[in-house]
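Structure first, then comments.
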Amino acid sequence: MEIIIQPTPEAGGIIAARIIAKLVRTKPDCVLGLATGSTPLATYRELVRMHHDEGLDFSRVTTFNLDEYVGLPPEHPHSYHAFMDEHFFGHVNVPRARIHIPDGMARDVPAECARYEAAIVAAAGIDLQLLGIGTDGHIGFNEPSSSLASRTRIKTLTERTRADNARFFGGDLAQVPFHCITMGVGTIMASREVLMLAFGARKADAVAAAVEGPITAMNPASMLQMHAVAKCVVDEPAAAKLSRRDYYRWVFANKPDWQRIA
Ligand code: GLP
């Protein structure tokens with residue numbers, strides 16, 4: 001895994017946006033896996049800026065989001081559909097027909113999950129999957145003990161994740177759904193490249209366990225150690241518990257020119 005330590009979440013978000021933009025420019029019909037939460041916000045802001053100021057064109061891009069809450073319709077203000085519209089899709093030119101987010105209102109959830117997996121396959125797979133990480137090491141909504149081979153399915157959120165996400169529901173824990181549909185760890189691992197972001201001291205333990213700990217279902221992000229093309233962008237507080245952080249900084253500072261991020 002390549003660990004990229006940046007001074008601030010803004011700087012980390014810009015690096016991530018540059019990695020994504022480079023892919024969009026070199027492969028205009030690429031398939032992006034997208035994430036929600038506060039972590040990718042700076043990345044979306046920079047991609048929107050690049051769209052407006054530099055003409056970054058998403059007209060042939062296809063997207064698949066990681067997850068959605070069960071029971072929230074797309075128009076619900078706290079649904080991930082609404083989140084993505086507010087922070088990204090409403091400001092760039094990804095065609096509606098190419099946007100995929102699990103349907104949290106599906107009556108037949110297993111059928112919806114199978115449909116989602118089939119849609120990813122029909123799009124020839126995900127080129128780059130953007131990820132955050134939960135304070136408990138979850139990716140998507142794959143909570144600790146999730147199968148490391150799992151595919152898109154329903155999951156029950158932990159109390160910790162519900163409490164972490166209550167801030168998106170006006171701080172009202174009672175409003176946070178108990179269930180979600182999420183890509184599995186296996187679905188994420190099938191993408192050709194993964195880009196995980198983590199900012200803030202709250203993430204330091206989860207990041208250290210994911211990057212330097214054993215591969216374990218108790219920290220689903222640790223499975224990314226098995227991915228051949230995985231990058232992890234962190235700010236200083238999130239990197240604080242990485243024992244080899246000086247080495248990661250040295251590697252990043254001494255990359256050959258051809259490997260530098262545009
Ligand atoms: C959420 C999402 C994840 C996200 C994580 C961290 O619940 N399902 O995709 O990466 O938890 O959230 P945040 O970025 O707000 O800290």
Legend entry - Extreme residue, farthest from H138 (Cα to Cα), among residues of region 30-44 that are within 8 Å of the ligand (Cβ to nearest atom) and touching a strand residue (DSSP E or B) at 6+ places or on another chain (Cβ under 8 Å): P40
Legend entry - Per-region count, region 43-72, residues under 25 Å from I181 (Cα atoms), in contact with a Gly (Cβ under 7 Å, 6 or more places away or on another chain) and part of a helix (DSSP H, G or I): 1
Inset, instruction - Please determine, by comparing only the residues of region 137-158 that are more than 15 Å from the chain's Cα centre (by Cα) and charged (D, E, K, R), which one is farthest from V234 (Cα to Cα). - result: R153
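Restricting to region 163-204, name every residue that is among the acidic types (D, E) and at pLDDT 95 or above. Please lay out each step first, then the result.
Looking only at region 163-204, we keep the residues that are among the acidic types (D, E), and these are 164, 172, 193.
If the condition is that a residue be among the acidic types (D, E) and at pLDDT 95 or above, then D172, E193 are the ones that fit.
How many residues are without any contact (Cβ under 8 Å) to a residue 40 or more places away in the chain and either more than 13 Å from L66 (Cβ to Cβ) or aromatic (F, W, Y) (or both) if we restrict to region 78-104?
Initially, region 78-104 is screened for residues without any contact (Cβ under 8 Å) to a residue 40 or more places away in the chain, giving 79, 81-82, 85-86, 89-90, 94-101.
After this cut, where a residue has to be either more than 13 Å from L66 (Cβ to Cβ) or aromatic (F, W, Y) (or both) as well, the list is 79, 82, 85-86, 89-90, 94-99.
Number of matching residues: 12.
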Legend entry - When residues of region 158-187 are limited to those that are within 16 Å of A221 (Cβ to Cβ) and free of Cβ contacts under 8 Å to residues at least 60 places away in the same chain, the one surrounded by the fewest Cβ atoms within 10 Å (Cβ to Cβ): R160
Inset, instruction - Report yes if some residue within region 210-220 is in contact with a Pro (Cβ under 6 Å, 6 or more places away or on another chain), away from the ligand (no atom under 13 Å from the Cβ) and either closer than 21 Å to S38 by Cα or touching a residue at least 12 places away in the same chain (Cβ under 8 Å) (or both); otherwise report no. - result: yes
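Working carefully through the options T63, T8, T39, find the one that is under 13 Å from the mean Cα position of the chain (by Cα) and closer than 28 Å to A201 by Cβ. Talk me through it step by step, then tell me what you get.
Working: T63 fails: closer than 28 Å to A201 by Cβ; T8 fails: under 13 Å from the mean Cα position of the chain (by Cα).
So the residue among T63, T8, T39 that is under 13 Å from the mean Cα position of the chain (by Cα) and closer than 28 Å to A201 by Cβ is T39.
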Inset, instruction - Being in contact with an Asp or Glu (Cβ under 7 Å, 6 or more places away or on another chain) and more than 10 Å from the ligand (Cβ to nearest atom) is the filter here, so list the residues in region 161-186 that pass it. - result: A166, I181
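The values are calculated or read from the model by the stated rules, or taken from the named source; none is laboratory data. As the structure is a prediction and not an experimental result, all values here were calculated from the model. No Cβ is skipped: glycine too gets one built from the backbone with ideal geometry, and neighbour counts run over all protein chains shown.
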